[in-house]
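The values are calculated or read from the model by the stated rules, or taken from the named source; none is laboratory data. Just so you know, these numbers come straight off a predicted model, no measurement behind them. Cβ atoms come from the backbone with ideal geometry, glycine included; neighbour counts cover every protein chain shown. Keep in mind that these areas ignore ligands, DNA and RNA; they rest on the heavy atoms of the full protein, side chains included. Shrake-Rupley method; radii C 1.70, N 1.55, O 1.52, S 1.80 Å.
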Amino acid sequence: MLDTYVNIIWLSDIHFLSSYEEDEKYENLNNYINSFHAHIDSIADKDQYDYILISGDTAQGGEAKEYELFIERIYNKLEKAFPNASLLIVPGNHDVNRFQTSELTSLFIDNIGINDKKDFLSVNKEFFYSAFENYSTFFQHKKLPTSESSLKDNKLLFGYVLNKEKKMLFILLNSAWYSVGNGFLNHYLTERVYNIDYDKDRKDILEELSNEFKDVDINVDNFITCLTSIIENKTYINNVKLINEFVNNLIEQNTITEGCSIPSFEPIVDAIIKFKRKYILKDIEYITNEYGKQLIGLDVFKKEYLKIEELYNTYNDFIVTTIMHHPINWLDFNERIPYKSEKDEISNFHDIKNFTDLLLTGHEHVPTYHKTEMINNNELLHIQAGCFMDAKKPLKFKAKKNWFSTLSININKRTVSQSKHYYDSDVWNVEELEPVKLNKKHDTVLSKDRKEIITTNTFDFRKLIDKDNFEKVIKLESNFYSIGKRLYMIIDQLEDKNFGVCFDKLKEMIDKNSLKKIYFIAMDHHHSQFKLYSNKENQKLRVLDSIKRDFDFKFDKLRNNFFSELKESETEKYKKLKLIGVIKPYWITETCI
């Protein structure tokens with residue numbers, strides 16, 4: 001059996017600027033782009049590439065002009081050079097259009113403490129989608145995977161691609177939902193810091209407490225309610241647990257008991273102001289630090305996750321490749337570490353990690369000497385991309401550290417070969433790395449859902465006969481097909497004598513088409529041993545071998561019966577005739593549905 005390969009050209013972190021339109025200012029850039037296309041022309045077997053992969057940061061600021069120029073100057077030519085490749089793409093932090101995030105940032109700041117990031121994303125999906133609008137719009141009409149893919153439906157922000165022919169499941173994730181850069185910070189500083197008058201706050205809080213509780217026997221419950229309301233209104237902090245802890249400490253430290261009176265509210269007011277200053281600083285740190293704070297958000301897109309889970313369980317022997325912009329160390333704690341949350345939940349991203357054989361990420365602009373790594377209990381191969389173009393001003397644009405990759409994934413051997421293409425001294429060089437073995441063990445038991453798909457669907461037998469030239473296969477009549485000088489018969493009665501083949505009809509088709517070679521094509525799901533694929537104790541290749549041996553034995557009988565039943569007058573006519581039996585396994589036939 002010939003090995004099956006999935007070939008990918010992979011670019012990441014392109015950072016295309018709208019100012020690159022001014023060609024005369026960017027001589028180094030123009031030389032770099034021209035040499036890149038010349039280098040692409042030198043790559044062999046470009047028609048054998050399946051995908052063009054971009055793992056984020058196509059643009060520098062998510063502006064429409066940046067995408068327009070990138071597509072015009074790089075992508076269109078790339079798409080033409082790899083005629084059979086479709087686009088796999090995810091957004092990065094620079095694909096956020098930060099001119100379209102003002103409403104989003106305002107909503108987020110105003111809801112600190114009420115919603116965590118996951119809840120906030122769930123409630124405000126459309127605002128988040130709008131931040132990536134230019135990214136989605138400019139790639140929406142490119143050559144995307146068409147069959148069994150949700151990428152286009154999800155505006156190219158996340159999704160899956162199932163490639164049954166090549167036995168691969170791609171999971172594409174958005175790790176840049178909260179990559180709004182300085183947008184949150186600027187809005188926060190304006191609304192929460194620069195516009196704050198602490199003296200007025202102090203005066204207002206003191207006045208409110210005095211009017212309510214001066215010279216009054218304290219009812220502790222009423223006092224706690226009042227303090228809580230003041231803190232919520234004056235500090236913008238809405239974390240109920242945090243406020244309750246602070247108020248209880250305040251009551252204890254000031255020895256406030258039922259029926260007591262409070263001689264001075266000054267210490268309480270000072271504590272509230274101090275509390276506000278402290279958490280403003282904490283909020284600034286939380287909002288502006290993207291490292292360790294990114295969110296995949298699959299818990300929000302539950303329907304998508306459940307579909308991915310279903311595909312993984314159905315096609316459990318497929319190689320699973322997950323693509324996202326940020327490496328795992330950039331993710332939020334709950335997505336990095338499989339600890340249960342306060343709601344007794346574990347992020348669905350941990351399931352994705354456990355599904356995955358190969359993880360491809362960008363963002364960190366790693367150098368060419370950066371090595372691949374095995375993570376997730378040594379079961380997940382992580383490969384990071386280099387920077388294809390680093391956004392620079394005209395005179396500072398340099399390309400000597402820029403590079404991209406080509407990947408060749410051997411499906412049968414479960415290995416990944418990477419070639420690093422790097423630009424140095426105006427010349428492209430290629431470093432070909434040794435293949436890396438994928439370590440993850442797969443359950444090869446035929447799933448119930450997959451079995452049902454195989455046994456209940458109809459097949460395009462032309463593809464079963466010759467996948468690459470199926471349009472040339474001619475349907476003759478009944479179960480007979482031909483291509484060139486070859487005759488094919490589809491047989492589906494594997495338990496019957498002679499597989500249900502009528503010898504007289506067979507001779508009629510041979511004579512009518514003047515053919516000397518006949519192939520009998522059978523499918524393993526018509527065999528009684530097909531059920532053994534569902535047994536956990538059986539390896540699928542062993543089951544197939546058993547089916548083949550039984551089929552070959554019965555086919556020899558058919559062959560002998562055919563020639564032994566020939567009349568003496570027919571012997572000379574058919575003595576050079578070759579009858580060849582072929583049985584196709586389900587992982588081949590399912591690609592012909």
Every listed condition ((1) surrounded by 19 or more Cβ atoms within 10 Å (Cβ to Cβ); (2) at pLDDT below 90; (3) under 19 Å from the mean Cα position of the chain (by Cα)) holds for PHE120 save (3)
Identify all residues within region 346-385 that are outside any loop (DSSP other than H, G, I, E, B), over 17 Å from GLN418 (Cβ atoms) and open to solvent by less than 50 Å² (accessible area, probe 1.4 Å); write none if there are none. PHE349, HIS350, ILE352, LYS353, PHE355
Hits in region 138-155 (condition: open to solvent by less than 30 Å² (accessible area, probe 1.4 Å) and over 20 Å from TYR49 (Cβ atoms)): SER150, ASN154
Scanning region 306-334 residue by residue, those open to solvent by less than 10 Å² (accessible area, probe 1.4 Å), part of a helix (DSSP H, G or I) and closer than 11 Å to THR356 by Cα turn out to be none
Among all residue pairs at least 6 apart or on different chains, which show Cβ distances below 6 Å where the first residue, located in region 203-224, is at positive phi and touching a residue at least 12 places away in the same chain (Cβ under 8 Å) and the second is open to solvent by 90 Å² or more (accessible area, probe 1.4 Å) and in a helix (DSSP H, G or I)? none
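I'd like to check something: does region 466-489 contain any residue that is charged (D, E, K, R) and either in contact (Cβ under 8 Å) with a residue 60 or more places away in the chain or closer than 30 Å to THR356 by Cβ (or both)?
Kept after step one, since they are charged (D, E, K, R), are these residues of region 466-489: 466-468, 471-472, 475, 477, 485-486.
This time we only want the ones that are either in contact (Cβ under 8 Å) with a residue 60 or more places away in the chain or closer than 30 Å to THR356 by Cβ (or both), so: 467.
Yes - at least one qualifying residue is present in region 466-489.
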Cβ-Cβ distance below 9 Å, separation of 6 or more or different chains: which pairs start in region 553-564 with a residue that is closer than 12 Å to LEU494 by Cα and end on one that is open to solvent by less than 70 Å² (accessible area, probe 1.4 Å) and among the small types (Gly, Ala, Ser)? LYS554/GLY581; PHE555/ALA522; PHE555/GLY581; LEU558/GLY581
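Which one of ILE237, ILE243, ILE262, ILE218 is under 48 Å from the mean Cα position of the chain (by Cα), modelled with pLDDT under 85, more than 30 Å from THR356 (Cα to Cα) and in a loop (DSSP other than H, G, I, E, B)?
ILE237 is the lone residue from the list that is under 48 Å from the mean Cα position of the chain (by Cα), modelled with pLDDT under 85, more than 30 Å from THR356 (Cα to Cα) and in a loop (DSSP other than H, G, I, E, B).
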Quick count over region 134-144, residues being of a type outside the set (A, V, I, L, M, F, W, C), part of a loop (DSSP other than H, G, I, E, B) and either at positive phi or without any contact (Cβ under 8 Å) to a residue 60 or more places away in the chain (or both), is 2
Among (1) more than 21 Å from GLU165 (Cα to Cα); (2) in contact (Cβ under 8 Å) with a residue 12 or more places away in the chain, which single condition is ILE588 missing? (1)
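Specify which of the listed residues (LYS516, LYS540, LYS578, LYS557) is exposed (fewer than 14 other Cβ atoms within 10 Å of the Cβ) and over 21 Å from ASP466 (Cβ atoms).
LYS557
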The number of residues in region 496-547 that are basic (Lys, Arg) and part of a loop (DSSP other than H, G, I, E, B) is 2
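Quick grid of which residues meet (1) over 25 Å from the mean Cα position of the chain (by Cα); (2) surrounded by 15 or more Cβ atoms within 10 Å (Cβ to Cβ); (3) among the basic types (Lys, Arg); (4) assigned to a strand (DSSP E or B):
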| site | (1), (2), (3), (4) |
| --- | --- |
| CYS387 | no, yes, no, no |
| ASP390 | no, yes, no, no |
| LYS400 | yes, no, yes, no |
| VAL416 | no, yes, no, yes |
| LYS420 | no, yes, yes, yes |
| TRP428 | yes, yes, no, yes |
| GLU452 | yes, no, no, no |
| PHE459 | yes, yes, no, no |
Out of LEU464, LEU494, I need the residue that is more than 22 Å from GLU570 (Cβ to Cβ), buried (at least 17 other Cβ atoms within 10 Å of the Cβ) and modelled with pLDDT under 90. Which one? LEU494
Number of positions in region 156-170 that are closer than 15 Å to LYS142 by Cα and either part of a strand (DSSP E or B) or over 13 Å from the mean Cα position of the chain (by Cα) (or both): 0
